[in-house]
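Read the structure below first, then the notes.
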Amino acid sequence: MIEKEDPIISEEEAAQYDRQIRLWGLDAQKRLRGSRVLLAGLGGLGAEVAKNLILAGVKGLTLLDHEQVCLTGCSRDLMVRVDQLCSQHKIKVFCGDVYGYYGYMFCNLGQEYSYVEEKPKVVKPSGDSSDGPGAKKAKVDPNETTMVKKVDFCPLKEALEVDWTTEKAKAALKKTPLDYFLLQVLLKFRTDKGRDPDPQSSEEDGELLRQIRSDVLDALGLSANLLNDDFISYCFSEMSPVCAVVGGVLGQEVVKALSQRDAPHRNFFFFDGRKGNGVVDYFGPN
């Protein structure tokens with residue numbers, strides 16, 4: 001993503017994006033207007049992300065759809081290499097995929113990524129009791145308070161190679177979403193087979209998923225019972241509703257990163273279509 005300086009928004013564009021400008025401000029819309037995005041992968045998820053970025057008003061959207069380099073449908077090793085290359089050039093990286101009822105998003109916005117967050121300013125009640133009971137209640141100032149915050153992100157390689165043998169990691173295991181370990185299994189399947197689980201070979205792939213689950217969790221120093229067999233029946237193909245949800249979140253996060261407005265998801269978002277809920281969690285060296 002390349003951000004241009006001082007982009008100009010015409011009157012027609014101001015009218016077209018009026019609701020967005022009211023939401024996140026003219027400066028944020030200008031940054032979107034001057035940004036170019038390379039979107040790799042045009043499956044169900046990639047199509048949703050492309051739609052959301054175009055509607056947001058980015059200056060340019062380059063579409064790349066090739067199975068060997070697709071960030072929304074590639075192996076773990078390739079994603080790690082692309083992430084490392086982008087980090088060297090201070091380029092923001094987003095990855096995502098949908099496996100049946102499960103979907104995820106990862107982002108690496110670099111070290112000391114800064115963003116603007118606006119919070120309503122609360123005015124303390126005055127001590128004058130003559131104003132009645134209402135004077136004792138805190139009031140919200142219509143003028144918002146703008147705060148600039150910074151947050152660090154880690155590379156994808158470090159996020160996927162957490163040491164679960166430490167006491168701190170073991171203590172946090174109960175609160176860790178199982179989707180993180182499910183993602184490791186599915187990425188290993190793709191690396192080994194060069195494809196995702198296929199509904200036409202569900203029995204064969206189901207047995208392979210069980211074996212990979214045991215191998216992956218054993219390599220992490222964890223019990224294979226951490227993931228039960230239920231996940232196997234729900235990770236085939238791309239479910240359109242799941243693509244819509246994950247694509248919406250992924251597109252939203254790209255817009256936030258370009259406009260530098262509001263807190264980003266740090267650094268994983270997982271969605272479980274069976275439960276209908278998503279979770280944001282951070283994984284890294286710390």
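Could you give the length gained by full extension between Ile54 and Gln200, i.e. 0.36 nm per residue of separation minus their alpha carbon distance, to one decimal place?
Working it through step by step, the gained length comes to 49.0 nm.
With a length cut of 15 Å (Cα positions projected on each helix's long axis) and a Kyte-Doolittle mean of at least 0.5, go through the chain and give me the DSSP H helices that pass.
Result, helices passing both filters: 44-56, 240-259.
Could you state the number of Å between the C-alpha centres of segment 78-94 and segment 5-29?
Spelled out, the Cα-based centre of one part sits 29 Å from the other.
With the cut-off at 29 Å, tell me which of the pairs Lys51/Lys275; Lys175/Lys275; Lys119/Lys170 have Cα atoms farther apart than that.
As for pairs spanning more than 29 Å Cα to Cα, those are Lys119/Lys170.
222 nm [θ] for the chain, helices only, -39500 (n - 2.57) per DSSP H run of 4+, per residue, to 500?
-12000 deg cm²/dmol
Per q in 0.13, 0.14, 0.16 Å⁻¹, report the Debye log10 I(q)/I(0) for the chain, using one uniform scatterer on each alpha carbon and no solvent.
Taking Cα atoms of the chain as identical point scatterers yields -0.93, -1.04, -1.28.
In Å², and per residue, what accessible area does the chain have when probed at 1.4 Å with the other protein chains present?
About 56 Å² of surface per residue is accessible.
So if each residue of separation counts as 0.36 nm, and I subtract the Cα-Cα distance between Asp77 and Glu118, what length gain in nm does that give?
So the chain would gain 10.9 nm between Asp77 and Glu118.
Using a 1.4 Å probe over the heavy atoms of the protein chains, calculate the carbon and sulfur portion of the accessible area of the chain as a whole percent.
Carbon plus sulfur share of accessible area: 50 percent.
Treat segment 160-234 as a sphere of radius equal to its Kirkwood radius over Cα pairs and apply Stokes-Einstein at 37 °C in a medium of 0.692 mPa s; give the translational diffusion coefficient in µm²/s, rounded to a whole number.
252
The values are calculated or read from the model by the stated rules, or taken from the named source; none is laboratory data. In this text, all values refer to a predicted model and were calculated from it rather than measured experimentally. Heads up: the accessible areas ignore ligands, DNA and RNA and are worked out on the full protein's heavy atoms, side chains in. Shrake-Rupley method; radii C 1.70, N 1.55, O 1.52, S 1.80 Å.
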